[in-house]
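Encoded as structure tokens, the structure appears first; notes follow it.
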Amino acid sequence: MIHKIGILTSGGDAPGMNCAIRAVVRAGLHYGLEVYGVMDGYRGLVEGGENIFKMDRSSVSDIVNRGGTVLGTARLREFKEESVRQIAVNNLRKTGIDALVVIGGDGSYMGAKKLTEMGIDCVGLPGTIDNDIASTDYTIGFDTCLNTIMYCVDHIRDTTESHQRCAVIEVMGNHCGDLALFSGIAEGAEMIITPDHPIPEDEIISSLKKMYEAKRKRAVVIVSEKIYPDINAFAARIQEQTGFETKAEVLGRVQRGGSPSAFDRILAARMGAYAVDCLLAGKGGICIGMVNNKIVDYDIYEALKLPRDKHISMLRLVDILN
Ligand code: F6P
């Protein structure tokens with residue numbers, strides 16, 4: 001039976017992480033557990049001391065509407081080393097913490113699995129804007145990020161149309177194209193280029209040239225990050241070869257901040273409470289997902305092996321709608 005649980009956030013922050021923290025803390029207290037926050041992800045766990053602190057109901061008051069993570073976050077490559085993880089385990093034991101909730105992406109999941117193998121039951125929650133975790137239909141933060149992208153692209157469209165230009169807009173996602181694909185559909189973008197849907201450059205140029213010659217008022221091209229090493233050079237080639245005056249826009253970290261959407265808040269609340277249920281049931285080394293609107297759990301190794309949904313039907317939609 002567990003008595004004390006810890007919670008941390010790890011990797012890139014995502015809107016909704018605070019709602020997940022709140023849910024874990026409040027659910028833990030509801031079931032009579034002591035709950036400890038860990039500052040700055042695995043780094044805080046390894047550094048120990050004041051980074052590990054007791055939380056109460058009021059520690060998580062008024063955070064549901066805030067972006068970022070009140071626990072801070074970090075990426076700690078050294079956590080792959082067993083000797084480093086052993087320091088974390090010792091710090092947890094010192095405080096008497098027997099189980100941990102880790103909110104983060106797939107890298108953070110691996111750390112959670114390894115800690116479980118070292119005797120601390122861990123549960124992972126999918127907190128990332130990228131939606132690149134196959135064991136859940138949606139990650140916490142994806143929906144808010146998508147809405148932020150839409151807000152930005154709406155603004156860019158206005159001026160792009162007034163000036164009869166082409167806008168090449170780069171969005172985040174790491175190596176996953178979901179943010180580009182979903183925002184591209186929501187925006188009716190003329191072209192969407194993602195790792196799952198790469199388009200040869202000559203095809204991009206000839207399509208945009210046809211649009212320009214047909215006197216289209218504007219063109220919006222949404223591109224996943226990490227496809228074009230120099231997005232400005234890509235925009236310059238489009239301009240040179242199509243006639244469209246072309247501007248590149250990199251949305252950057254504006255995409256990762258801001259107040260979480262209702263969808264992300266509710267998703268985070270459901271997953272956070274479920275994570276505590278799992279720990280109370282003696283489960284560890286698992287991650288939580290939402291599949292077909294049901295909250296479910298997977299073994300972390302199994303989850304990391306699942307093939308990611310490439311959204312073939314959504315890609316077809318792009319062809320049909322354009
Ligand atoms: O994983 C979230 C994410 O925002 C990715 O989309 C992006 O590639 C990466 O993090 C950027 O990380 P950082 O802010 O540490 O450079």
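The values are calculated or read from the model by the stated rules, or taken from the named source; none is laboratory data. Note that the structure is a prediction, hence the values are computed from the model and not measured. No Cβ is skipped: glycine too gets one built from the backbone with ideal geometry, and neighbour counts run over all protein chains shown. Surface accessibility is based on the protein's heavy atoms, side chains included, excluding ligands, DNA and RNA. Shrake-Rupley method; radii C 1.70, N 1.55, O 1.52, S 1.80 Å.
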* Given (1) more than 16 Å from the ligand (Cβ to nearest atom); (2) without any contact (Cβ under 8 Å) to a residue 24 or more places away in the chain, where does Ile120 come up short, assuming only one miss? -> (2)
* Asked: Among Lys247, Lys210, which is the only one that is more than 16 Å from the ligand (Cβ to nearest atom) and not in a helix (DSSP H, G or I)?
  -> Lys247
* **Enumeration of residues in the range 197-206 that are crowded, with 17+ Cβ neighbours inside 10 Å and either of a type in the set (Gly, Ala, Ser) or not in a helix (DSSP H, G or I) (or both)** => His197
* Asked: Is it the case that the range 284-295 has a residue that's over 30 Å from Thr159 (Cβ atoms), modelled with pLDDT of 95 or more, within 16 Å of the ligand (Cβ to nearest atom) and open to solvent by 20 Å² or more (accessible area, probe 1.4 Å)?
  -> no
* Asked: Can you name every residue in the range 71-117 that is under 23 Å from Cys278 (Cα atoms) and within 16 Å of the ligand (Cβ to nearest atom)?
  -> Val102, Ile103, Gly104, Gly105, Asp106, Gly107, Ser108, Tyr109, Met110, Gly111
* Residue count for the range 139-166, restricted to those that are on the phi > 0 side of the Ramachandran plot and surrounded by 24 or more Cβ atoms within 10 Å (Cβ to Cβ) -> 1
* Considering only residues that are within 14 Å of Val220 (Cβ to Cβ) and in contact with an Asp or Glu (Cβ under 6 Å, 6 or more places away or on another chain), look in the range 168-181 and name the one that is least open to solvent (accessible area, probe 1.4 Å). => Ile169
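List the helices (runs of 4 or more DSSP H) that sit entirely inside the range 1-105 and contain at least 3 residues that are closer than 17 Å to Ile120 by Cα and without any contact (Cβ under 8 Å) to a residue 60 or more places away in the chain. Please lay out each step first, then the result.
Details: elements: 17-30, 41-47, 82-95.
Hits in the range 1-105: 41-47, 82-95.
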* Asked: Just checking, how many residues over the range 213-231 are in a helix (DSSP H, G or I) and either modelled with pLDDT under 95 or surrounded by fewer than 14 Cβ atoms within 10 Å (Cβ to Cβ) (or both)?
  -> 1
* Mind checking which pairs have a first residue in the range 143-162 that is in a helix (DSSP H, G or I) and a second that is at pLDDT below 95, Cβ under 8 Å, 6 or more apart or different chains? -> Glu161/Lys217
* Of all residues in the range 250-283, how many are more than 16 Å from the ligand (Cβ to nearest atom), among the basic types (Lys, Arg) and within 19 Å of the chain's Cα centre (by Cα)? -> 2
* Asked: Mind checking whether some residue in the range 9-16 is touching a helix residue (DSSP H, G or I) at 6+ places or on another chain (Cβ under 7 Å) and away from the ligand (no atom under 16 Å from the Cβ)?
  -> no
* To do: For Ala186, state whether it is open to solvent by 10 Å² or more (accessible area, probe 1.4 Å) and either within 15 Å of the ligand (Cβ to nearest atom) or touching a helix residue (DSSP H, G or I) at 6+ places or on another chain (Cβ under 6 Å) (or both).
  => yes
